[in-house]
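Enquirer: Handing you a structure now.
The values are calculated or read from the model by the stated rules, or taken from the named source; none is laboratory data. Here the structure is a predicted model, which is why all the values come from computation and not from measurement. Here the Cβ is made from the backbone with ideal geometry for all residues, glycine too, and neighbour counts use every protein chain on show. Just so you know, the surface numbers come from the protein's heavy atoms only, side chains and all, with ligands and any DNA or RNA stripped out. Shrake-Rupley method; radii C 1.70, N 1.55, O 1.52, S 1.80 Å.
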Amino acid sequence: MTAAKRTLCLVEKLMHSSLKSSFHFSAVCVMIGHRETPEYNYGLSGKGKINKKIWKKHQPKEQIRTEGEVVFGTHPVSLALASHHRQHFFKLYIDSRHRQAQASKALSKIQKLAEQRGVPVEFVPKNVLMYLSGNRPHQGVCLDASARVLPELDPEMLHGAALSSDLLWLLLYNVQDPMNFGAILRSSFFLDVDRVIVPKVNSCALSPVVSKASAGALEVTDIYQVDSTYRSLRNLTQTWQTCGGQVIGTASICDPRQQVVSLQDFTAKAPTLLIVGNEGSGVDEDVLDLCDTLLTIPPPSIVSQTSSHTPVPAVESLNVSVATGILIHWLRASRKNSR
């Protein structure tokens with residue numbers, strides 16, 4: 001294929017992608033040939049690509065209709081059924097090779113959870129699960145469920161509240177990649193973040209892909225949304241500070257601001273609202289101005305070299321999900337060690 005043809009194909013894909021994104025997620029199915037497939041599990045980051053000929057060969061012959069969105073994977077499905085963040089569960093699909101007598105412990109537990117909640121269970125061939133999950137690692141199970149709806153955070157509820165010194169909230173400022181978003185939710189749940197907050201606009205949608213990337217943490221983490229306006233974020237941070245909390249932002253080691261502090265030199269001693277930013281642009285300047293302190297994770301001062309002592313170009317930053325995990329762990333550990 002020539003460069004011109006490759007460019008033309010890329011433009012067509014981008015146009016198709018932007019056209020698809022203009023539809024609301026409530027339109028959960030799109031037609032492919034004479035069949036339907038969940039739209040939100042396609043065209044997203046992560047595994048899911050397949051040879052078109054193989055994909056066509058393995059498409060189910062019967063028409064598959066879903067009423068909600070399809071959660072896939074043992075951890076996301078089991079945690080979704082066990083929690084109460086999703087309002088409706090329509091049907092559980094299990095690989096027909098794993099009927100009750102042959103099912104793994106995980107699938108047996110999921111089937112029992114579904115039966116306890118009155119969710120219909122259907123055993124289907126593997127290709128149906130591949131189709132529903134968008135050829136992602138479904139581990140033999142998919143769940144048709146309503147999308148998770150986030151409650152709105154009202155900063156006014158904090159007025160007059162006595163915040164615990166151990167309180168840790170995380171604001172994900174315009175984090176858009178589903179794999180990063182999911183990894184952050186997984187670390188947040190594991191490290192006991194009390195609440196995760198996301199802006200309504202310019203944030204990653206809470207898709208089944210995010211749930212899988214989070215190992216199901218999306219299903220059990222307390223997540224709230226706020227207006228994306230500067231005024232709303234200022235109201236949140238100022239209310240937090242009025243209640244005795246500290247607002248911690250994140251910045252590059254090269255940031256010229258005087259309040260940038262190396263992570264190892266900082267100890268959390270008050271209720272903390274941590275703000276981490278977009279994968280590329282970070283946190284906007286006006287939002288950084290709302291913070292009490294800016295933290296940075298300094299790289300080692302030793303320059304890496306190959307065995308032939310040829311200098312290796314420096315990696316100037318960390319992935320946002322990795323950096324967020326380090327920050328959360330340090331905030332928790334430093335608070336504990338200061339007692």
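Enquirer: What's the number of the condition ALA106 fails, among (1) surrounded by fewer than 18 Cβ atoms within 10 Å (Cβ to Cβ); (2) in contact (Cβ under 8 Å) with a residue 60 or more places away in the chain; (3) assigned to a helix (DSSP H, G or I)?
Expert: Tallying (1) surrounded by fewer than 18 Cβ atoms within 10 Å (Cβ to Cβ); (2) in contact (Cβ under 8 Å) with a residue 60 or more places away in the chain; (3) assigned to a helix (DSSP H, G or I), ALA106 fails exactly one: (2).
Enquirer: I need the strands (runs of 3 or more DSSP E) fully contained in the stretch 237-339, keeping only those with at least 1 residues that are modelled with pLDDT of 90 or more and surrounded by 12 or more Cβ atoms within 10 Å (Cβ to Cβ).
Expert: Values: elements: 246-250, 260-262, 272-276, 293-296.
Because the criterion is at least 1 residues that are modelled with pLDDT of 90 or more and surrounded by 12 or more Cβ atoms within 10 Å (Cβ to Cβ), the strands (runs of 3 or more DSSP E) in the stretch 237-339 that meet it are 246-250, 272-276, 293-296.
Enquirer: I'd like the full set of residues that are in a strand (DSSP E or B), touching a Leu at 6+ places or on another chain (Cβ under 8 Å), of a type in the set (A, V, I, L, M, F, W, C) and under 16 Å from GLN87 (Cα atoms), limited to the stretch 125-147. So that I can check it myself, show each step before the final result.
Expert: Taking the stretch 125-147 first, the residues in a strand (DSSP E or B) are 141-145.
Subsequent filtering for residues that are touching a Leu at 6+ places or on another chain (Cβ under 8 Å) retains 141-144.
Then drop every residue that is not of a type in the set (A, V, I, L, M, F, W, C), which leaves 141-143.
LEU143 - this is the single residue of the stretch 125-147 that is in a strand (DSSP E or B), touching a Leu at 6+ places or on another chain (Cβ under 8 Å), of a type in the set (A, V, I, L, M, F, W, C) and under 16 Å from GLN87 (Cα atoms).
Enquirer: What is the number of the single condition among (1) surrounded by 14 or more Cβ atoms within 10 Å (Cβ to Cβ); (2) in a strand (DSSP E or B) that GLU122 does not meet?
Expert: Status for GLU122: all satisfied but (1).
Enquirer: Report the residue count in the stretch 212-223 for those that are farther than 15 Å from SER187 by Cβ and in contact with a Phe, Trp or Tyr (Cβ under 9 Å, 6 or more places away or on another chain).
Expert: 1
Enquirer: Let me ask something additional. Would you please name the residue that is nearest to GLY245 (Cα to Cα), looking only at residues in the stretch 141-160 that are among the hydrophobic types (A, V, I, L, M, F, W, C) and exposed (fewer than 13 other Cβ atoms within 10 Å of the Cβ)? Working first, answer last.
Expert: Step one: of the stretch 141-160, the residues among the hydrophobic types (A, V, I, L, M, F, W, C) are 141-143, 145, 147, 149-150, 153, 157-158.
Checking which are exposed (fewer than 13 other Cβ atoms within 10 Å of the Cβ) leaves us with 149, 157.
On the way: VAL149: 28, MET157: 14 Å.
The selected residue is MET157.
Enquirer: From the list GLN176, GLN111, which one is surrounded by 14 or more Cβ atoms within 10 Å (Cβ to Cβ), assigned to a loop (DSSP other than H, G, I, E, B) and at pLDDT below 95? Give the derivation first.
Expert: Working: GLN111 fails: assigned to a loop (DSSP other than H, G, I, E, B).
Going through GLN176, GLN111 in turn, the sole match is GLN176.
Enquirer: Could you count how many residues in the stretch 188-234 are under 23 Å from SER281 (Cα atoms), open to solvent by less than 60 Å² (accessible area, probe 1.4 Å), part of a helix (DSSP H, G or I) and out of contact with any Lys or Arg (no Cβ under 8 Å at 6 or more places or on another chain)?
Expert: Counting residues in the stretch 188-234 that are under 23 Å from SER281 (Cα atoms), open to solvent by less than 60 Å² (accessible area, probe 1.4 Å), part of a helix (DSSP H, G or I) and out of contact with any Lys or Arg (no Cβ under 8 Å at 6 or more places or on another chain) gives 4.
Enquirer: Let me ask something else. Output the residue which, of all residues in the stretch 75-103 that are assigned to a loop (DSSP other than H, G, I, E, B) and open to solvent by less than 50 Å² (accessible area, probe 1.4 Å), is farthest from ALA213 (Cα to Cα).
Expert: Residues of the stretch 75-103 that are assigned to a loop (DSSP other than H, G, I, E, B), as a first pass: 83-88, 99-103.
Next, from what is left, pick out any that are open to solvent by less than 50 Å² (accessible area, probe 1.4 Å): 83, 86, 103.
Details: SER83: 18, ARG86: 18, ALA103: 24 Å.
Checking each candidate, the answer is ALA103.
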